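For reference, the structure is listed below as structure tokens.
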Amino acid sequence: MNKNRQGAPRRGPKRRRNKSNKRRVNMPPKKESTQALKQEIAKTIKRANEWREQTEKQIRLAGELQRKNDQLIAENMRIEGLLAECREELRRRQGKIEGLESAIRLMGSGG
């Protein structure tokens, strides 16, 4: 009887060492030239500065829009107040007109 086959069967496939694969895995990464790295850093800094400028511009615009919005809200409230006063005055005058009309009717029927 073969001694290697005794007992529980082995689980999974046998693992083989692949020396050529090992060499490929352990190869150091290709180094980029310092000039290319400097150019990449310069581009990144330029993009970051543009982004910062855009952000600051948007913040300024947002502040201006907020101020204009506050002004418009105040103006709207003022107009709503005037409109309420006008409605009240209209109701008062309408009451006067109705009173005069009823007085005229009474005078017309009594005469």
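State yes or no: is GLY111 surrounded by fewer than 10 Cβ atoms within 10 Å (Cβ to Cβ) and at pLDDT below 95?
Considered against the rule, which asks whether it is surrounded by fewer than 10 Cβ atoms within 10 Å (Cβ to Cβ) and at pLDDT below 95, GLY111 comes out as yes.
What's the number of the condition LEU90 fails, among (1) exposed (fewer than 10 other Cβ atoms within 10 Å of the Cβ); (2) among the aliphatic types (A, V, I, L, M); (3) within 51 Å of the chain's Cα centre (by Cα)?
(1)
Could you list, ordered by first residue, the pairs with Cβ atoms under 9 Å in which the first is in the range 75-99 and touching a residue at least 60 places away in the same chain (Cβ under 8 Å) and the second is hydrophobic (A, V, I, L, M, F, W, C) and not in a helix (DSSP H, G or I), at least 6 apart or interchain?
Pairs that qualify, where the first residue is touching a residue at least 60 places away in the same chain (Cβ under 8 Å) and the partner is hydrophobic (A, V, I, L, M, F, W, C) and not in a helix (DSSP H, G or I): there are none.
Which residues, taken from the range 4-58, are at pLDDT 85 or above and of a type in the set (Asp, Glu)?
Residues satisfying the conditions are GLU40, GLU50, GLU53, GLU56.
Right, GLN66: polar (S, T, N, Q), within 49 Å of the chain's Cα centre (by Cα) and at pLDDT below 90 or not?
no
The values are calculated or read from the model by the stated rules, or taken from the named source; none is laboratory data. Only a predicted model underlies this, so the values are computations on that prediction, with no experimental measurement involved. Positions of Cβ are backbone-derived with ideal geometry, glycine not excepted, and every protein chain shown enters the neighbour counts.
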